[in-house]
Amino acid sequence: MAPVPPKRRRGPGRGEEAGAGRAAAPSPAPPRFPGVTIYLAEQHMGRSRRAFLTELARAKGFRVDQAYSPEVTHVVMEGSSAAEASDWLDHVLGASGSLPKPLLLNISWFIECMRQGKPVPVEGRHCLEVPLPTRSQADPDSVPAYACQRHTPLAHHNLCFTEALETLAEAAGFEGSQGRFLAFQRAASVLKALPGPITNMSQLQGLPCFGEHSSRIVQELLEHGVSSEVEGIKQSERYQTMKLFTQIFGVGVKTADRWYREGLRTLDDLQAQPRKLNRQQEAGIRHFEDLSSPVWRHEADAIQQVVEEAIRQVLPGATVTLTGGFRRGKLQGHDVDFLITHPVEGQEAGLIPKVMGHLESQGLVLYQHTQSNHYQDLKDLDHKASQNTAMDAYEKCFCVLWLPKPPTSFHLETGEGPKEPSRDGKAVRVDLVVSPISQFAFALLGWTGSQHFERELRRFSQAEKNLLLNSHGLYDPEKKESLPAASEEDIFTHLGLEYIAPEQRNA
Ligand code: 8DG
Ligand code: CA
Ligand code: CA
């Protein structure tokens with residue numbers, strides 16, 4: 001039996017577009033890809049070609065705006081140089097420099113989307129950005145060994161290799177092989193930071209973290225376009241089932257593996273044995289369809305508004321910062337991460353239950369698991385800073401919130417209608433973390449990710465600087481003291497590292 005449940009279609013069903021105004025001028029199909037708003041720049045493209053491409057994309061269900069606005073996610077240009085594109089963006093954004101910046105793409109991305117009838121992942125070859133790597137990083141012989149020493153943009157040039165290596169990493173993780181997981185992850189991460197695509201095996205020479213196995217995979221891909229090992233894994237029942245189970249909120253590798261060994265393969269199998277599930281996993285399965293579809297940036301912004309309003313009610317002055325992948329410039333994610341603090345140390349304590357109570361009174365909480373902070377006082381925080389781990393002791397809440405559909409958005413339901421809850425909207429995974437202001441910089445750095453970037457920062461700190469870094473602080477075990485930091489820049493400075501902006505931490 002195929003382990004992946006069929007997806008309930010959300011967009012317009014086949015033939016449904018026909019109903020709208022057959023007699024009048026045909027109205028464009030409703031946007032099918034809510035996280036993608038395209039702006040076609042007229043410069044070099046010309047007015048009539050722009051109009052033609054706009055119609056074409058709209059007919060395929062893409063949203064194409066005539067005027068530029070902050071809602072635009074993808075700017076497409078034709079015949080423009082990287083420098084022209086970058087000047088154009090500076091001009092449009094003016095002094096605001098406001099995030100998120102749109103992706104600046106050449107026409108090849110647009111054409112591939114039209115061919116496939118859906119947004120294709122952005123790769124380095126589609127990008128019009130002026131390359132950021134410094135001259136030293138353009139030379140593969142001098143790619144630094146740690147991911148926290150490198151610039152790793154969101155869109156890079158080696159997607160087919162990194163996808164294959166990350167599949168191998170994931171599969172190794174499913175088997176509990178931490179060493180192999182890290183080896184493949186590190187090799188993939190190096191390729192993400194290269195200034196151009198790998199086209200020849202000689203380019204791997206001198207690259208750090210590239211072992212025999214990873215090199216063999218790249219060679220196979222260069223020669224045949226596919227890797228038989230990777231394809232074999234992707235098609236195996238073991239990999240597909242582990243991927244399905246670990247995708248469920250509240251299910252880690254150990255649980256997924258146990259279920260697999262018990263013969264379970266599908267969500268139906270799990271639902272047939274409900275006593276196997278804890279409360280979190282039950283919620284994970286109940287909302288599986290919503291939680292396994294991506295959260296888009298505009299949805300993250302909408303959730304932020306809801307959280308900010310709740311916080312304004314219960315603790316005026318507290319601030320909410322979007323962290324995780326969205327802070328790194330991602331346009332979609334599996335959840336939304338927020339870091340909350342208050343300018344007066346101590347005021348933030350006990351905030352989560354109040355915020356969640358407020359959200360609950362509005363009927364917006366589908367699931368929550370709150371952890372109170374497990375440090376007693378600031379001295380204890382020093383102790384927490386001395387622990388070299390990704391887990392922290394902050395007050396936090398792992399929850400599933402209900403995001404109602406804004407009344408203005410265009411949305412067609414299929415005949416089935418949403419299962420549960422019955423109102424129109426979407427369940428979204430949200431992580432809320434509260435830190436005292438004195439630790440905020442460390443919490444921000446720790447919760448911005450990527451997970452590999454964080455792992456590498458901690459490895460670098462310990463191995464190269466004999467310092468212990470986590471989301472509470474930076475601890476010097478020799479002097480037995482914590483190093484204070486008011487900003488992320490301060491932490492990079494303590495570590496003797498060049499500052500890496502969040503958008504370049506996509507390691
Ligand atoms: P995505 O949601 O877009 O798929 O990716 P992401 O935003 O990069 O990943 P994430 O799983 O949401 O994790 C964001 C960061 O939060 C990541 O760098 C690791 C960090 N993080 C956790 N759990 C914990 C924790 O318990 N303590 C600390 N300090 N950090 C954590 O995910
Ligand atoms: Ca996230
Ligand atoms: Ca998260």
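The values are calculated or read from the model by the stated rules, or taken from the named source; none is laboratory data. What you are looking at is a predicted structure, and each value in this text was computed from that prediction instead of being measured. Cβ sites come from the backbone with ideal geometry, for glycine too, and all protein chains shown count toward neighbours. Side chains are part of the model used for accessible areas, which takes the heavy atoms of the whole protein and leaves out ligands, DNA and RNA. Shrake-Rupley method; radii C 1.70, N 1.55, O 1.52, S 1.80 Å.
Key figures
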| read-out | value |
| --- | --- |
| Residue count for the range 321-358, restricted to those that are open to solvent by 20 Å² or more (accessible area, probe 1.4 Å) and away from ligand 1 (no atom under 14 Å from the Cβ) | 11 |
| Hits in the range 313-328 - residues which are within 16 Å of ligand 3 (Cβ to nearest atom) and assigned to a loop (DSSP other than H, G, I, E, B) | Thr323, Arg328 |
| From the options Ala310, Ala283, residue that is within 16 Å of ligand 3 (Cβ to nearest atom) and in a helix (DSSP H, G or I) | Ala283 |
| Flag if His74 is in contact with a Gly (Cβ under 6 Å, 6 or more places away or on another chain), modelled with pLDDT of 90 or more and within 27 Å of Asp90 (Cα to Cα) | no |
| Identity of the residue in the range 481-507, open to solvent by 10 Å² or more (accessible area, probe 1.4 Å) and in a strand (DSSP E or B), that ends up nearest to ligand 1 (Cβ to nearest atom) | Ser482 |
| The range 359-389, subset modelled with pLDDT under 70 and of a type in the set (Gly, Ala, Ser), residue most open to solvent (accessible area, probe 1.4 Å) | Ser386 |
| Selection count, the range 289-314, where residues are open to solvent by 20 Å² or more (accessible area, probe 1.4 Å) and either out of contact with any strand residue (DSSP E or B) (no Cβ under 9 Å at 6 or more places or on another chain) or of a type in the set (S, T, N, Q) (or both) | 8 |
| Counted residues, the range 211-226 - those being closer than 18 Å to Ser177 by Cβ and either under 26 Å from the mean Cα position of the chain (by Cα) or open to solvent by less than 30 Å² (accessible area, probe 1.4 Å) (or both) | 2 |
| Residues located in the range 30-52, provided they are touching a Gly at 6+ places or on another chain (Cβ under 7 Å) and either open to solvent by 70 Å² or more (accessible area, probe 1.4 Å) or among the acidic types (Asp, Glu) (or both) | Arg32, His44 |
| Failed criterion for Glu478 (all others in (1) in contact (Cβ under 8 Å) with a residue 12 or more places away in the chain; (2) buried (at least 17 other Cβ atoms within 10 Å of the Cβ) hold) | (2) |
| Residues satisfying the stated conditions in the range 449-470, i.e. assigned to a helix (DSSP H, G or I), over 11 Å from Ile491 (Cβ atoms) and either open to solvent by less than 30 Å² (accessible area, probe 1.4 Å) or of a type outside the set (Gly, Ala, Ser) (or both) | Gln451, His452, Phe453, Glu454, Arg455, Glu456, Arg458, Arg459, Phe460, Gln462, Glu464, Lys465 |
| Tally of residues being hydrophobic (A, V, I, L, M, F, W, C) and within 15 Å of ligand 3 (Cβ to nearest atom) across the range 353-380 | 0 |
| The one condition in (1) within 16 Å of ligand 3 (Cβ to nearest atom); (2) open to solvent by less than 20 Å² (accessible area, probe 1.4 Å) that Gly446 fails to fulfil | (2) |
| Odd one out for Lys426 among (1) closer than 30 Å to Arg286 by Cβ; (2) within 11 Å of ligand 1 (Cβ to nearest atom); (3) open to solvent by 10 Å² or more (accessible area, probe 1.4 Å) | (2) |
| Unmet criterion (only one of (1) touching a helix residue (DSSP H, G or I) at 6+ places or on another chain (Cβ under 6 Å); (2) under 30 Å from Thr152 (Cβ atoms)) for Val314 | (2) |
| Sole exception among (1) more than 28 Å from Asn506 (Cα to Cα); (2) at pLDDT below 95 for Gly206, by number | (1) |
| Qualifying residue in the range 263-275 (condition: more than 16 Å from ligand 1 (Cβ to nearest atom) and at positive phi) | yes |
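Yes/no per residue for (1) in contact with a Lys or Arg (Cβ under 6 Å, 6 or more places away or on another chain); (2) in contact (Cβ under 8 Å) with a residue 24 or more places away in the chain:
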residue	(1), (2)
Ala283	no, yes
Asp290	yes, yes
Pro294	no, yes
Gln304	no, yes
Glu309	no, no
Val314	yes, yes
Ala318	no, yes
Asp337	no, yes
